[in-house]
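The values are calculated or read from the model by the stated rules, or taken from the named source; none is laboratory data. All values reported here derive from a predicted model rather than from experimental measurement. Here Cβ is always computed from backbone atoms with ideal geometry, including for glycine, and neighbour counts include all displayed protein chains. Calculation scope for accessible area: heavy atoms of the full protein, side chains included, ligands and nucleic acids excluded. Shrake-Rupley method; radii C 1.70, N 1.55, O 1.52, S 1.80 Å.
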Amino acid sequence: MSTLPADDFRTPTANGSSLIRQVEETDLPELVRLDEEAFPEGPYPFFTLRQLFDLYPDHMLVLDGGENGLHGYVLVGMPRDAHRCWILSLGVTRDRRGRGYGRQLMAAVLRQLRDDAVREVLLTVEPSNITAIELYKSLGFAAESAPRKDYFGPNADRLVMTLHL
Ligand SMILES: CC(C)(COP(=O)(O)OP(=O)(O)OC[C@H]1O[C@@H](n2cnc3c(N)ncnc32)[C@H](O)[C@@H]1OP(=O)(O)O)[C@@H](O)C(=O)NCCC(=O)NCCS
């Protein structure tokens, strides 16, 4: 398991003790809770997170606050030997937002993807999610000219953004 100190990245954590690390199987119940908090209108069911963990354990990172639990996570769908991958999810608990954790999680996973020789990283974001769009733009992601209509089904338009590493 790789463990990356969170303060390797741009913003140090509040108490210096949070770590960005690879997910472990025992994190799954808390990850489900975290995902429900981050995405109350459409969280992953447990079985989906379980299967994503089975498929992509190396590219599922959590922000571990020790006895305070998990504060965030990022997940990448990473086909084997692919030069192109998708960020599938990024979430930070409500009480920890605006402290640089989302940026740190993205920086950690993008560093990992660069090391894996990935060339192109894609993601989708709700067109009204200005916070996430601003974060992704600041990391170098470019948005398509318009959201794709009904991308995730009726009335679930999404903006597709791409970063070339
Ligand atoms: C999107 C999310 C992960 C950002 O995490 P965060 O830890 O709050 O973000 P950070 O503190 O690292 O801020 C990173 C950047 O986001 C943007 N940002 C943060 N808060 C913002 C706000 N209130 N308004 C506009 N932009 C904002 C800024 O560009 C900020 O850059 P800065 O470092 O120059 O301030 C978090 O808000 C979240 O979990 N939201 C719910 C789930 C979600 O929408 N996930 C994204 C799905 S695509």
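Annotations for the structure displayed:
- Among the residues of region 16-37, those that are open to solvent by 20 Å² or more (accessible area, probe 1.4 Å) and in contact with a strand residue (DSSP E or B) (Cβ under 8 Å, 6 or more places away or on another chain) comprise LEU19, ARG21, GLN22, GLU30, GLU37.
- Number of residues in region 65-84 that are surrounded by 15 or more Cβ atoms within 10 Å (Cβ to Cβ) and more than 15 Å from the ligand (Cβ to nearest atom) equals 1.
- Taking first residues from region 76-100 that are under 15 Å from THR131 (Cβ atoms) and partners that are basic (Lys, Arg) and near the ligand (Cβ under 8 Å from one of its atoms), the Cβ contacts under 7 Å between residues at least 6 apart in sequence or on separate chains come to GLY100/ARG10.
- Test: residue in region 1-8 that is at pLDDT 95 or above, surrounded by fewer than 14 Cβ atoms within 10 Å (Cβ to Cβ) and away from the ligand (no atom under 16 Å from the Cβ): no
- Residues in region 122-165 that are assigned to a helix (DSSP H, G or I) and open to solvent by less than 90 Å² (accessible area, probe 1.4 Å): ALA132, ILE133, LEU135, TYR136, SER138.
- Residue count for region 41-100 under the criterion of being out of contact with any helix residue (DSSP H, G or I) (no Cβ under 7 Å at 6 or more places or on another chain), charged (D, E, K, R), farther than 20 Å from ASP116 by Cα and in a helix (DSSP H, G or I): the result is 3.
- When GLY98 is tested against (1) more than 10 Å from the chain's Cα centre (by Cα); (2) open to solvent by less than 50 Å² (accessible area, probe 1.4 Å), only condition (2) is not met.
- Test: residue in region 103-113 that is more than 9 Å from the ligand (Cβ to nearest atom) and in a loop (DSSP other than H, G, I, E, B): no
Rundown of residues vs (1) within 12 Å of the ligand (Cβ to nearest atom); (2) closer than 20 Å to ARG21 by Cα, yes/no style:
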{"residue": "GLY91", "(1), (2)": "yes, yes"}
{"residue": "ASP115", "(1), (2)": "no, yes"}
{"residue": "ARG119", "(1), (2)": "no, no"}
{"residue": "THR124", "(1), (2)": "yes, no"}
